[in-house]
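The values are calculated or read from the model by the stated rules, or taken from the named source; none is laboratory data. Here the structure is a predicted model, which means the values were calculated and not measured. Cβ coordinates were reconstructed from backbone atoms using ideal geometry, including for glycine residues, and neighbour counts include every protein chain displayed. Side chains are part of the model used for accessible areas, which takes the heavy atoms of the whole protein and leaves out ligands, DNA and RNA. Shrake-Rupley method; radii C 1.70, N 1.55, O 1.52, S 1.80 Å.
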Amino acid sequence: MRVLIQSDYASVSKWAAKHVADTINKFQPTADRKFVLGLPTGSSPLGMYRELIKMNKEGIVSFKNVITFNMDEYVNLPKEHPESYYSFMWNNFFKYIDIPENQVNILNGNAADLEKECAEYEARIKMAGGIQLFVGGIGPDGHIAFNEPGSSLTSRTRLKHLSLDTIIANSRFFENDTTSVPTSALTVGVGTIMDAKEVLILVSGYNKARALQQAIEGGVSQMCTLSALQLHKNGIIVCDELATYDLRVSTYRYFKGIEKDNLL
Ligand code: GLP
């Protein structure tokens, strides 16, 4: 696993955006051979989205031949609700870039048959040729997408009930009212994420420090689903200084040292 320790959120965002753009450009996608990108919501990727929008406008990267798959979506929250992940993605990213609407995939948390919706999502990923690069954030308990502690590390897209930790953390988007936060969501599984050719995880801020420590220095465990990244061939974590607070000094120095030429 690579760990890139940047000074702050702005550098994490810039580095991540550049990495996404470089990876797409290196792939040289065409209409017949599209690049497949997995994407997250949350405050962690917002800066990266802003940078990618800028790079798209400047002609540095195009999304014309990119297919996206979002990680997750709340269940029973209307699509038009400002906090649905559908609204988040369109309002913060898709409407500003040159991606054709029919190349965007977001789970439908209002589908009549949720199990079928999840199975079809997995099938769509397969049909698209698999995900080249999956970008994600983490929850304060180390979860990726909505794979809460206790999620199988080989899980596929499915319905998950949210943990109290996640409901409390996400209540900030629902006027701090925990009773307004949906209690379940559809989410890609840990296995779905691990199938991607490359996984890039963004981690910022002191409130993620314990989760980052567990994921890097702890054992592989379903109680911190990001730790599954230890088994991935191409796993990258890009984090800021505040998120490294609980790492051992030797771990911190090791990654700072070996990546010193690759930092912003
Ligand atoms: C939710 C999402 C995760 C995201 C996490 C952290 O739980 N399902 O995909 O990583 O929030 O969000 P933030 O980046 O806002 O801290």
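Tabulated values for the structure
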quantity	calculated
5 angstrom amide H check on Leu4, placed H, neighbours 5+ away	Ile237, Val238, Cys239
Burial order of peptide ranges 243-253, 140-150 (average beta-carbon count within 10 Å, highest first)	140-150, 243-253
Solvent exposure of the range 175-238 as accessible area per residue, Å², 1.4 Å probe	41
Cα pair distances of the range 200-254 binned at 10 Å [whole percent]	26, 60, 14
Ratio Rg/Rh [Cα only; Rh per Kirkwood] for the range 177-230	1.03
Cα gyration tensor category, rounded, prolate or oblate, for the range 93-132 with a/c compared to 1.5	oblate
Amide proton proximity set for Gly136, modelled H, under 5 Å, gap of 5+	Leu200, Ile201, Leu202
Mean separation of Cα contacts under 8 Å (6+ apart) over length of the range 98-219, as relative contact order %	33
Cα Rg, Dmax, the chain, angstrom units	17.3, 52
Cα gyration tensor shape of the range 107-264, rounded if a/c is under 1.5, else prolate or oblate by comparing a/b with b/c	oblate
Reach of Lys160 by Cα under 24 Å, taken over lysines that are not fewer than 8 positions away in the same chain	Lys79, Lys116, Lys126, Lys208
Full-extension gain in nm, Glu80 to Lys116, via 0.36 nm per residue minus C-alpha separation	10.8 nm
Sequence-separation-based contact order of the range 62-151, relative, with Cα cut under 8 Å and 6+ spacing, percent	30
Radius, Kirkwood style, for the range 149-212 when every pair of distinct Cα atoms is counted (Å)	13.6
Centroid-to-centroid separation of the range 1-51 and the range 173-197 [C-alpha atoms, Å]	20
Three semi-axes of the equivalent ellipsoid, the range 1-116, Cα gyration tensor, whole Å, largest first	25, 18, 13
Label point at Ala31 placed 7 Å out along Cα→Cβ; residues across the range 61-78 whose backbone nitrogen lies under 20 Å	62-68
Value at 222 nm in deg cm²/dmol, rounded to 500, when DSSP H runs of n ≥ 4 in the chain each add -39,500 (n - 2.57)	-9500 deg cm²/dmol
Whole-number percent relative contact order across the chain, with pairs defined as alpha carbons under 8 Å at least 6 apart	26
The range 20-118: trypsin sites (Lys or Arg not before Pro) in DSSP coil with no more than 11 other Cβ atoms inside 10 Å	Arg33
Backbone HN-Hα couplings from phi across the range 110-125 [Karplus 6.51/-1.76/1.60, Hz, Gly and Pro as x]	10, 4, 5, 10, 5, 5, 5, 4, 5, 5, 5, 5, 4, 5, 5, 4
In Å, descending, principal axis extents of the Cα set of the range 90-197	39, 34, 29
Computed lengthening from Asp165 to Arg248, 0.36 nm per intervening residue step minus Cα-Cα distance	27.4 nm
Computed over the range 118-166, the ratio Rg/Rh where both radii use C-alpha atoms and Rh is Kirkwood	1.00
The range 165-264: GluC sites (Glu not before Pro) in DSSP coil with no more than 11 other Cβ atoms inside 10 Å	Glu175
Calculated FRET value between Asn262 and Gln230, using beta carbons and R₀ = 25 Å, to 0.05	0.80
